[in-house]
Amino acid sequence: MRLRNWIAVVVSVLLLAAVGVIGFLVNRSALRAADAVHRADSSALGTNNGTLTGQLQLNSAAELSEILGEHVLHLAAGSAADQATLQAVAKKSATFQYGMLTADLEGNILTASRADGLPRPDDVAWKPLRTLLAAGKPGFSDVMVVDGVALTAVAVPVMVSGSPAGFLIGLNEVATTSLQTYLARLSSEAHRTTVVDSVGRVGAASDGGLISTTIDPAVRPYLNKAGVQFVEYEAGETPMIAIVVGGLPSGWSYVRTQTKSSFDGVVHSRSQTLNLTLLAMLLIGVAGISVLGYRTQVTRRRADERFQALFQHAPDLVSVLDGHGRIIFSSPSAHNILGFKTGALSGHSVFDVVHPDDQVEMKTRLSALLSDPSGVIRLQCRVRSAEGEYRWFDFTASNQMHNPALAGVVINARDVSENRAFQERLAHEAQHDPLTGLPNRRRMQDALGTTLGNAPVAVLFVDLDGFKPVNDAFGHEVGDELLRQVADRLSACVRSGDVLSRVGGDEFVMLMPGVTPDDADAMSARLRYVLELPFRIAGQEILIGASIGVHVAPAAEDPDAALRAADHAMYAIKHAGGSRGSGGSGQAAWVGRHRAED
């Protein structure tokens, strides 16, 4: 009997050992799969943010190219004309208000918009800029500190007869860039986001105090490498992990750091708990076969609870659809993410919660997926929450109809609404003036080119008379408020289909498709009238006027020529003394094939 009992104990221990080993292996496999998915999603997020960072830097280089397209630089040392041009464009620029300068092909500074606060020519931070320019690309410097101010430089070549004759360089104060503003709004105690230059100096960060500091030495070897890298290291005695996205056009890198424990999250802690439980089961098995059945049931129940806890707290929504698109399973995380009670979506069609505008594409993609037994698709669409709000989700769907344990299409969905909103906000900022909210020059030129392909367009070029004295007398804050009120008054005059834009400091352009010269005259008179009415700002009554040049461009006319014609007409009024100096005739200046009046 004793031998039989020992045999039973040995058999019990062996069975539990086998179960324990299998449990360890399954847990490790599940942990690896969860880590792979988490790292893939983190990699995709890092790539998106890195791409957006690179696009912002390229936009700054494009602004310099636009300046060269609108102004002529003499590239002479100490040129007064070049200095005046640089000061004017720096004042209007939203990116390079700190200063602008010109340099010869050897990098020697020729002319600058400011007399002090300039980086030294021998600063090693110029090296990556010069390397990129030599390769025929826009140049971006590393972070430079001048008089306690962190700066970066962006440069493009000045072309003469098809060859570079020098360089136009813009300086920006990194603490005030739009990228720094956005990262500061996204600051979190869980992680720290930085954008660093080629040597690891911070140029933008979710914590503004990190600007111009250097990143951890353990991360620096992974900078300037294309793709996404996960770097594990220790800060003191704390294990850390950094997501590094290199290969940006500027040679900079996007870096997001956080503690290893916060990155791993609940999956690893639950995995450790499971391992300890399995070990306890092995020890309990020695007590005898009498408790084997009981312990098995307890283990199964605990495993189910852990499995449900993982789904409950996972950041992703997991669902299984049948062949008709009905939801046969939805993870408990649907309550935290969308607000639906657990099980409330089961039996409903997935298209009941998909935005109507996205249903056609989703049905087409799911039909194609069902025809491919091993197919996997990825798409983004809007999903309705329990409150009726639509949010953007990134879907990854896998055909598991052949898998008897699932017998359906498995969907993993992640909420990407904030990332989509950021992309849309960047697109809006690239096409609109930040002060007035009006379309900027780029969007206006696009609209002019598109409209001129089909119909004539009246171009009204508006330049404010008396704006500079207001700025000098009352300061830039009053000047900015005056520009905003001017934009409001002009907007009130715009018809449906017209385009009103701010193209410079105190310059506005209105496009009126399909109108006659008389219509343009009437609009010009109306604009002058509303702008000559008194403005009330900060307790002061301010009077200004406007010089308005008009050109009615026939269909198919070159857009740049049409804009220049209106600009010339405006300067004819301006040189005659402005709207008030021309005697208040109420007539706009005309050019081109129509008429011209002073």
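The values are calculated or read from the model by the stated rules, or taken from the named source; none is laboratory data. Keep in mind that what you see is a predicted model, and the values were worked out from it rather than measured. Neighbour counts run over all protein chains shown; Cβ positions are idealised from the backbone, glycine included. With ligands, DNA and RNA removed, areas are computed over all heavy atoms of the protein, side chains included. Shrake-Rupley method; radii C 1.70, N 1.55, O 1.52, S 1.80 Å.
Descriptive notes on the structure:
- For trypsin sites (Lys or Arg not before Pro), no site in segment 523-563 is both called loop by DSSP and has at most 10 other Cβ atoms within 10 Å.
- Gain in span if fully extended, Asp558 to Ala226, counting 0.36 nm per residue against the direct Cα distance: 115.4 nm
- Using a Förster distance of 30 Å, the FRET efficiency for Lys91-Val124 (Cβ separation, nearest 0.05): 0.50
- The charge dipole of the chain, taken about its Cα centre with unit charges on the Cβ atoms of Lys, Arg (+1), Asp and Glu (-1) only, comes to about 2920 debye.
- Estimated FRET transfer efficiency when R0 is 30 angstrom, pair Arg114-Glu429 (beta carbons, to 0.05): 0.70
- Arg384/Ile22 FRET efficiency (R0 45 Å; Cβ-Cβ; nearest 0.05): 0.60
- Theoretical gain in end-to-end length, Glu70 to Ala280 [0.36 nm per residue, Cα-Cα removed]: 67.9 nm
- Helical content alone sets the calculated 222 nm signal of the chain at -14000 deg cm²/dmol, taking -39,500 (n - 2.57) per DSSP H segment of four or more residues and averaging over every residue.
- Of Phe351, Phe263, the order by accessible heavy-atom surface (1.4 Å probe, DNA, RNA and ligands excluded), from most exposed downward, is Phe351, Phe263.
- Note on Arg378: accessible area is roughly 130 Å² with a 1.4 Å probe, heavy atoms of protein only.
- Lysines whose Cα lies under 25 Å from that of Lys225, excluding same-chain neighbours fewer than 8 positions away: Lys127, Lys137, Lys260
- Farthest toward positive dipole pole in segment 409-489 [+1 Lys/Arg, -1 Asp/Glu at C-beta], among Gln485, Pro439, Gly449: Gly449
- Summarising the label geometry, the points placed 7 Å from Cα in the beta-carbon direction at Ala44 and Val494 lie 3.7 nm from one another.
- 13 Å beta-carbon shell around Asp316, net charge (K/R +1, D/E -1): -2
- GluC sites (Glu not before Pro) within segment 181-246: DSSP coil, no more than 11 neighbouring Cβ in 10 Å: Glu189, Glu237
- Accessible area of His428 in the full protein assembly, 1.4 Å probe (Å², nearest 10): 100
- Linear extension gain, Ala235 paired with Asp216, 0.36 nm per residue minus alpha-carbon span: 6.0 nm
- Shown are Ile7, Ile243, whose ranking by accessible area with a 1.4 Å probe and every protein chain present, most to least, is Ile7, Ile243.
- Accessible area in square angstrom per residue, the chain, 1.4 angstrom probe: 49
- Summarising the amide proton neighbourhood of Val515: residues at separation of 5 or more, or on other chains, whose placed amide H is nearer than 5 Å comprise Ala458.
- In this simple spin-label model, placing a label point 7 Å from the Cα along the Cα-to-Cβ direction at both Arg391 and Arg301 gives a separation of 3.4 nm.
- Values of log10 I(q)/I(0), in the order q = 0.11, 0.12 Å⁻¹, for the chain under a Debye, Cα-only, solvent-free model: -1.17, -1.26
- Carbon + sulfur, % of accessible area of the chain - ligands and nucleic acids excluded, 1.4 Å: 55
- Proximal lysines relative to Lys468, as straight alpha-carbon distance under 16 Å, when same-chain residues fewer than 8 apart are discounted: Lys91, Lys92, Lys574
- Within the assembled protein chains, the solvent-accessible surface assigned to Leu15 is about 90 Å², based on a 1.4 Å probe.
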